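The structure under discussion appears below in the form of structure tokens.
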Amino acid sequence: MRKQLEALGHEVFIVAPAASLKWWHLPEHNVIRFAALRGVFFQESSLNFFFPPKQYRRIQKLNLDAIVLFTPAQIGLMGAYSAIKSEIPLISQYSTDLPEYVQMYPGVMPGVLALYSTVPFTTKPTAKELAKITKQLLIKNNRDKPWSTHSAEVMLTHLHNRCDAVISVSPKVTKMLKNWGTKSEIATIPTGVDKGMISQTAIQKLRKKYGLREEDQLILYLGRVAEEKNIDLLVEAFPLVRATNKNAKLMIVGDFDYRQILEEKVKKMGISHSVIFTGKVPFAERWNYFALADVFAFPSLSDTQALVVNEASLMGVPTVWCDKGVNEVLKHNVSGLLAMNNPVAFAGALLKLLNDKKLRTRLGKSASARANNFSELSQTKKFIRVLEKAIGRRSKAQGSRS
């Protein structure tokens, strides 16, 4: 996004965690780093020291027109504090389903609770607003939700209602934010994705490395191998695919704490010979893996926008998925097939694409055309319109007060 914003003539500063507690780092263009501890709550997390005065003063000196936060964690809340204190527009792009995270990873809850304690300082609520938040936290209307999920929704809604606008990354997220009670303007703008480079030499090496024959038909999953990604559905559907299509193979690209459990499950099911676990692969090389695939499988029900689907679609690979509304590229019988969340239905959709080359080709071409409508440049232009509108509203309001 910064690359596209700068190409359109805007100046962008990024505030992000450093790789360690050391303050020094290699010079980066318009980047401010906060010292951080890696893996405190889970492997991919970074814990920043809250509100280092030196870094806060650096942000204040930038004379920013607006602040956009991409995370409700420490750095994001510092952004909220800086915007509210400076009386400039605050925009939140909500990309991670935090209530889902705290439910799946209870270890992050202490960190979330620590963040809650800073809210009176960061968002500067009135006494009335603070009393309302406290009441909402204490009185849970939905008995089916655990308190951790409920409290995350309450605090996120308060944060978003302090924003001039909220960027939602999918229709699914927009609906969720509205159900929580978000009153700020919500703009649905999925993150833009451009097609990457592939290497025919690298693709042939991969085919040889994983023993893929010309007649093999590859079902690909690419992403974090975590329990909430619902990969069990795909693994349980695969033997049903193999029962009628002996050339089908399944490749699971990625790594995380659930990979070992899935590998054991595949062994017990007796399908290890046709299921490939690659582990983590270099980020830039993922395009070569998409090029291997005949069908992309996306069983997740917990994603907020599923950018990996855009990447598969750009490569002309149709998708089978089961989470309606998660991604605007996905349209049933246009860019792939929507299946119910059970192994029989998911296997049926996979087989329909594998066994019908004409359908697979038609949907792949259509998927690529749809994904090209969500390029980095086109989505950044939509993002700019939201920023300009928020800045204009704020300037008008400040002008009327003066």
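The values are calculated or read from the model by the stated rules, or taken from the named source; none is laboratory data. Computed from a prediction, not measured in an experiment: that's the story for all the values here. Using ideal geometry, Cβ is built from the backbone for each residue, glycine included, and neighbour counts are taken over all protein chains shown.
For the reader, a short list of remarks on this structure follows.
- Test: residue in the range 335-355 that is surrounded by fewer than 24 Cβ atoms within 10 Å (Cβ to Cβ), modelled with pLDDT of 95 or more and within 20 Å of Pro190 (Cα to Cα): yes
- Among the residues making up the range 253-264, those that are more than 19 Å from Asn342 (Cα to Cα) and either surrounded by 19 or more Cβ atoms within 10 Å (Cβ to Cβ) or of a type outside the set (Ser, Thr, Tyr) (or both) are Val253, Gly254, Asp255, Phe256, Asp257, Arg259, Gln260, Ile261, Glu263, Glu264.
- For the range 8-37, filtering for residues that are modelled with pLDDT of 65 or more and over 18 Å from Asp65 (Cα atoms) leaves 14.
- Restricting the range 372-395 to residues that are over 24 Å from Asn327 (Cβ atoms) and among the charged types (D, E, K, R), the residue that is surrounded by the most Cβ atoms within 10 Å (Cβ to Cβ): Arg394
- Scanning the range 288-298 for residues that are part of a loop (DSSP other than H, G, I, E, B) and closer than 12 Å to Leu222 by Cβ turns up just one, Ala293.
- Test: residue in the range 144-167 that is among the acidic types (Asp, Glu), outside any loop (DSSP other than H, G, I, E, B), over 18 Å from the mean Cα position of the chain (by Cα) and more than 27 Å from Met315 (Cα to Cα): no
- Qualifying positions in the range 140-173 - charged (D, E, K, R) and either more than 22 Å from Thr118 (Cα to Cα) or in contact (Cβ under 8 Å) with a residue 24 or more places away in the chain (or both): Arg143, Asp144, Lys145, Glu153, Arg162, Asp164, Lys172
- Residue list for the range 237-259, filter: closer than 11 Å to Ile271 by Cα and touching a strand residue (DSSP E or B) at 6+ places or on another chain (Cβ under 8 Å): Phe238, Arg242, Lys249, Leu250
- Residue list for the range 48-100, restricted to those being among the basic types (Lys, Arg) and either assigned to a helix (DSSP H, G or I) or buried (at least 22 other Cβ atoms within 10 Å of the Cβ) (or both): Lys54, Arg57, Arg58, Lys85
- Considering only residues in the range 131-161 that are surrounded by fewer than 16 Cβ atoms within 10 Å (Cβ to Cβ) and either among the β-branched types (Val, Ile, Thr) or closer than 25 Å to Ala187 by Cβ (or both), the one that is modelled with the lowest pLDDT turns out to be Ile139.
- Residue in the range 310-337 that is nearest to Leu354 (Cα to Cα), counting only those that are in contact (Cβ under 8 Å) with a residue 60 or more places away in the chain and assigned to a helix (DSSP H, G or I): Ala312
- Condition met for Leu220 (surrounded by 15 or more Cβ atoms within 10 Å (Cβ to Cβ), in contact with a Phe, Trp or Tyr (Cβ under 6 Å, 6 or more places away or on another chain), of a type outside the set (Gly, Ala, Ser) and under 16 Å from Phe290 (Cα atoms)): yes
- Within the range 257-282, residues that are over 12 Å from Val235 (Cβ atoms) reach partners that are part of a loop (DSSP other than H, G, I, E, B) with beta carbons closer than 6 Å, at six or more positions or on different chains, in the pairs Ile276/Tyr210; Gly279/Asp255; Lys280/Asp255.
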